[in-house]
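Since the structure comes first, as structure tokens, the remarks are kept for the end.
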Amino acid sequence: MADTVALEREHMDIVIVGHVDHGKSTVIGRLMADTGSLPEGKLEQVKAMCLANSRPFEYAFLLDALQNEQAQGITIDTARCFFKTAKRHYIINDAPGHIEFLKNMVTGAARAQAALLVIDAEEGIQENSKRHGYMVSMLGLKQIAVLVNKMDLVDYSEKTFERIKTEYTAFLDQLGVHPSAFIPIAAREGVNITGRSELMPWYSGNTVLGQVDAFIRPSENLDKLFRMPVQDIYKFTAGGDDRRIVAGTILTGRIKVGDGVVFQPSGKESVIKSIEAFSAPERTQMEAGYATGFQLTTQIYIKPGELMCRKGDPAPHVRRRFRTNLFWMGRPPMVMDKEYKLKIGSTQVGVALAEMNQVLDASELGTVLNKQQVDRHDVAECVLETTRPIAFDLRNDVEPTGRFVIVDEFEIAGCGIILEAMDDSGSLLSAHIRDREFHWERGSVTVDERTKRSKNAGKLIILHGPYGCGKRRIAKHLERALFDRGNLSYYFGISNFFEELDHDVHTRNIGRERHLDKLGDLSRVIVDTGTLLITTITDADDFDLEKLNLLNAPSKVFVVNVGDNTFGSFKVDVELSYRPDEDEAAEKVIAELKRQGILTD
Amino acid sequence: MNQLDQLESKSVHILREAYREFKSLCMLWSIGKDSTVMLWLARKAFFGHVPFPLVHIDTAYKMPEMIEYRDKFAREWRLNMVVGQNKAQLASGVTFPNGKLTRIECCRALKSEALKHTLSGEWDRLRMNHTTGQYELDTNREPYTGVIVGVRSDEEGSRSKERYFSPRDKHNDWDVDDQPPELWSQYKTAFAPGTHVRIHPLLDWTELNLWEYIEREKIPVVDLYFDQGQEKRYRSLGCGPCTTPVDSTSKTVAEIVAEIRTGKFANIAERSGRAQDKEDGGGLETLRRDGYM
Ligand SMILES: Nc1nc2c(ncn2[C@@H]2O[C@H](COP(=O)(O)OP(=O)(O)OP(=O)(O)O)[C@@H](O)[C@H]2O)c(=O)[nH]1
Ligand SMILES: [Mg+2]
């Protein structure tokens, strides 16, 4: 078959979906065989194998390569087939139709830009014909062609075809999906696959092959807002390399050298200095689809997981609560009061199911179930709440930044799209604090009495800085200095234990949140006893400290920053240099505590 | 964006995810064209650097040109080069070339077993010392929890069902019937203790794409792929005794590209020169479940 050269060649991913046994694998097998796309000898090999095992030959065996698939005559996992026409190169994903393997179907469909949906003419529309239609639209595929298969079993009847077409069109209408075509076929017989057949003179549309080439490659999100999740920040020093590179894959839009950029949720800003690449021509402009890297004109402190946007563009939402449509694939259901992990862009964050609005049965749209959990294969409309603010767009505004997956233990168990950003004030955290304060019963000793005795008010003093900056040494020295001048001070060293845990990438975010929550609740009690509670934290950001402030209310935390100040708008109380002299450091902190009236003598 | 740009970006994205998420990460380098392209993609992803070790399983039956090539580029690109081998089996002399094992059994011993124990750190690993240019015993015996492998979907049936991030259990087994979902560039990066994840950045590439990319990027590949005048060349590289050259007069990358795009190999499976594929009816699935790639 003729083939274009790489430079001008188009590529497209297609998925074939539909109810079990409706003939998906047969369509693909036939398409491959009839266009000569199979490797030489493959067809003969499969035929010989069938003969040897005295089984009837199936085109599906060309794709169902797993031993269990051939034994059971079903597709278990999505197969990728490489297929080419004069127009483009395709990867066709042959998805399984059995409900048990829905997660494999989702995996295959999420890769594709267009879908072929197969319906058995004799059996008609089945549960998974609808469920797959729903999933395909949720996954964001805009182009669908419906293949009405096994027309041989209904005598190639136009009436049957039209009935299915009318019924399924009505279903897709509810989803806002408008199919590109309905094609009557008989896959096993090779009817309307690559060539038009005499058997259905009433049909004058495309063949399957013609339809595949008629799909339009979606524009690559070039004209949308610029969005790039920061995948990592590299500083490889080998060979004298001194570049600091912000790396990621651009999801939408374009950017050029000299453009101002804003990172969310931190809100930090800089300007693109250069576009970096290895062994490639220099570029001054980059666009959606490329995995790339930038140097910035200023050394700002940002973390992987932030969303890089263009300055002046409409900003993404930065919130902790949002309303979603969520599809659940995990065997254990998604329940309230459990912490999961949410992955969006390059961010990973703790998340909980905060409110359930409704559960939709994806095969019978409109059946609303009143449930408090999301079971396997349910689609739920619900509110999620993350443990810290994340940057996102609504799915209808910028699709790639409006969708996420949910991890339960070690597995991706759910996926969803964001419909609406919600007000954070109703958050689980504020509810927790309201609850806690409501139940707080006071003793008879007043705060003033305590302050009079120890000459200090209670306070949480945080020494913040990177590993090795000397903050622990200073913290202990400060405890001693305060104690020696008669104040009530206590160095809380256990937080170092929690921080060790934070080194592990997988517990980094979630473990850290729990640690901060505990520290916040605990310090609220100890500060109330009139103690100067001293502790250390590594690598905190504005949100961490604001959260501690919330948990400490009515008291505020007192922050001593050691080394470079990496905070955005958060104001620290004392700034110390990296590895400061301990006496000078303690002196400086004590002076500021006096100035603020925390030390009263 | 043309097809090669798309493939490159996707692979780079996967490599960067792997590097961020896996503390103990390595890349398998078989010296063949696939894993050499993958190594090149790593240099793309990390702007000229390769920030993890490259592991090569030396069956002792590899063609000498392959080892020469490996060490040349390990030195030139200052790679963190690690080599593993089934020394006990080789010492016992029980191998296919010695007539004492079938091809599949030999693969299992010299590749699967060697790989498994090299990855887990149970067997010795040799590591290139760039000061002396020699291999010495690696003191790091930490198991690798992320292993980057250059398999492609178009190679063989069961591989067409692979994930980009594919978990292996405690016994190195691949549960093909129950794989994790993968969507919207979100992969399985969390794993239970004792298990590991194989990472497949080349899944979407075809043999033609690889050669086109080698041509575009001018990636040096081992000479065995080219006809040296005998009108024969290797299309796929493995152990000497089990890999036969194909008839071809392609002497340059451009000639190979033409041969695969429209010429004599346009419709002939790549691994047709590998003898062990033909012995097992279930294809490579049995071996793959076993941990052999
Ligand atoms: N009569 C008739 N039978 C067909 C036709 N196409 C497929 N079949 C048969 O339908 C059965 C199921 O076909 P498959 O292609 O395996 O179905 P599938 O949709 O891939 O099934 P799963 O992947 O398991 O969901 C096979 O026995 C095919 O031979 C057709 O056009 N006419
Ligand atoms: Mg099938």
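Close contacts from segment A:175-193, counting a first residue that is away from chain B (no Cβ under 14 Å) and within 16 Å of ligand 2 (Cβ to nearest atom) and a second that is assigned to a loop (DSSP other than H, G, I, E, B) and not acidic (Asp, Glu), with Cβ to Cβ under 6 Å and a gap of 6+ residues or different chains, come to A:Ile185/A:Asn192; A:Ala187/A:Gly23. Within segment A:211-263, can you find the residues that are out of contact with any strand residue (DSSP E or B) (no Cβ under 6 Å at 6 or more places or on another chain) and of a type in the set (Phe, Trp, Tyr)? A:Phe236 - this is the single residue of segment A:211-263 that is out of contact with any strand residue (DSSP E or B) (no Cβ under 6 Å at 6 or more places or on another chain) and of a type in the set (Phe, Trp, Tyr).
Those helices (runs of 4 or more DSSP H) of segment B:32-97 in which 1 or more residues are under 30 Å from B:Lys10 (Cβ atoms) and within 14 Å of chain A (Cβ to nearest Cβ) occupy B:33-45, B:64-76. Counting only residues that are surrounded by fewer than 16 Cβ atoms within 10 Å (Cβ to Cβ) and closer than 24 Å to A:Leu360 by Cα, segment A:176-198 holds 2 of them.
Here A:Leu117 meets the list (1) crowded, with 24+ Cβ neighbours inside 10 Å; (2) more than 24 Å from the chain's Cα centre (by Cα); (3) closer than 30 Å to A:Ile216 by Cβ; (4) within 11 Å of ligand 2 (Cβ to nearest atom) almost entirely, failing just condition (4).
Considering only residues that are among the aliphatic types (A, V, I, L, M) and away from chain A (no Cβ under 11 Å), look in segment B:138-196 and name the one that is nearest to A:Ala110 (Cα to Cα). The extreme case among them is B:Val151. Suppose the filter is modelled with pLDDT of 90 or more, away from chain B (no Cβ under 14 Å) and under 29 Å from A:Pro314 (Cα atoms); does A:Ala481 pass it? So A:Ala481 fails the test. Just give me the residues in segment B:230-268 being in a loop (DSSP other than H, G, I, E, B) and of a type in the set (Gly, Ala, Ser), in sequence order. Within segment B:230-268, B:Ser236, B:Gly238, B:Ser248, B:Ser250, B:Gly263, B:Ala266 qualify.
This table checks each residue for (1) of a type in the set (A, V, I, L, M); (2) crowded, with 17+ Cβ neighbours inside 10 Å; (3) assigned by TED's automatic domain parsing to the domain that holds B:Tyr144.
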position	(1), (2), (3)
B:Arg70	no, yes, yes
B:Glu76	no, no, yes
B:Asn86	no, yes, yes
B:Ala91	yes, no, yes
B:Leu101	yes, yes, yes
B:Arg108	no, yes, yes
B:Lys111	no, yes, yes
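For segment B:106-133, the set of residues classified as at pLDDT below 90 and more than 25 Å from B:Asp173 (Cα to Cα) consists of B:Gly133 only. If you check A:Gln174, A:Gln143, A:Gln126, which single one turns out to be out of contact with any helix residue (DSSP H, G or I) (no Cβ under 8 Å at 6 or more places or on another chain) and either within 15 Å of ligand 1 (Cβ to nearest atom) or assigned by TED's automatic domain parsing to the domain that holds A:Phe404 (or both)? The match here is A:Gln126.
Taking into account only those residues within segment A:274-303 that are at negative phi and among the small types (Gly, Ala, Ser), which is surrounded by the fewest Cβ atoms within 10 Å (Cβ to Cβ)? Step by step, filter segment A:274-303, then rank; the result is A:Ala280. For segment B:227-246, the set of residues classified as polar (S, T, N, Q) and buried (at least 18 other Cβ atoms within 10 Å of the Cβ) consists of B:Ser236, B:Thr243, listed by residue number.
A quick yes/no check of all residues on (1) in contact with a helix residue (DSSP H, G or I) (Cβ under 8 Å, 6 or more places away or on another chain); (2) within 14 Å of chain B (Cβ to nearest Cβ):
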{"position": "A:Ala247", "(1), (2)": "yes, yes"}
{"position": "A:Glu276", "(1), (2)": "no, yes"}
{"position": "A:Glu282", "(1), (2)": "no, yes"}
{"position": "A:Glu306", "(1), (2)": "no, yes"}
{"position": "A:Met329", "(1), (2)": "yes, yes"}
{"position": "A:Val335", "(1), (2)": "no, no"}
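Comparison of B:Glu105, B:Glu76 shows that the only residue that is farther than 23 Å from B:Pro51 by Cα and over 15 Å from the mean Cα position of the chain (by Cα) is B:Glu105. Do the conditions hold for B:Leu4, that is, is it within 14 Å of chain A (Cβ to nearest Cβ), within 23 Å of B:Glu207 (Cα to Cα) and in contact with a helix residue (DSSP H, G or I) (Cβ under 6 Å, 6 or more places away or on another chain)? Judged against the criteria, B:Leu4 is a match. Of all residues in segment A:253-290, those satisfying the criterion of being in contact (Cβ under 8 Å) with a residue 40 or more places away in the chain and in contact with a Leu (Cβ under 6 Å, 6 or more places away or on another chain) are A:Gly253, A:Gln264, A:Glu287, A:Ala288.
I'd like to check something: does segment A:14-23 contain any residue that is within 12 Å of chain B (Cβ to nearest Cβ) and in contact with a strand residue (DSSP E or B) (Cβ under 8 Å, 6 or more places away or on another chain)? Within segment A:14-23, one or more residues are within 12 Å of chain B (Cβ to nearest Cβ) and in contact with a strand residue (DSSP E or B) (Cβ under 8 Å, 6 or more places away or on another chain). Residue-level analysis places A:Ile74 among those that are in contact with a Gly (Cβ under 9 Å, 6 or more places away or on another chain), within 16 Å of ligand 2 (Cβ to nearest atom) and in the same structural domain as A:Ile28 (by TED's automatic domain parsing). Just so you know, in segment A:53-95 the residues that are closer than 23 Å to A:Leu139 by Cα, more than 10 Å from chain B (Cβ to nearest Cβ) and within 14 Å of ligand 1 (Cβ to nearest atom) include one that is modelled with the highest pLDDT, and it is A:Ile92.
The values are calculated or read from the model by the stated rules, or taken from the named source; none is laboratory data. Just so you know, these numbers come straight off a predicted model, no measurement behind them. Positions of Cβ are generated from backbone atoms using ideal geometry, with glycine treated the same way; all protein chains shown enter the neighbour counts.
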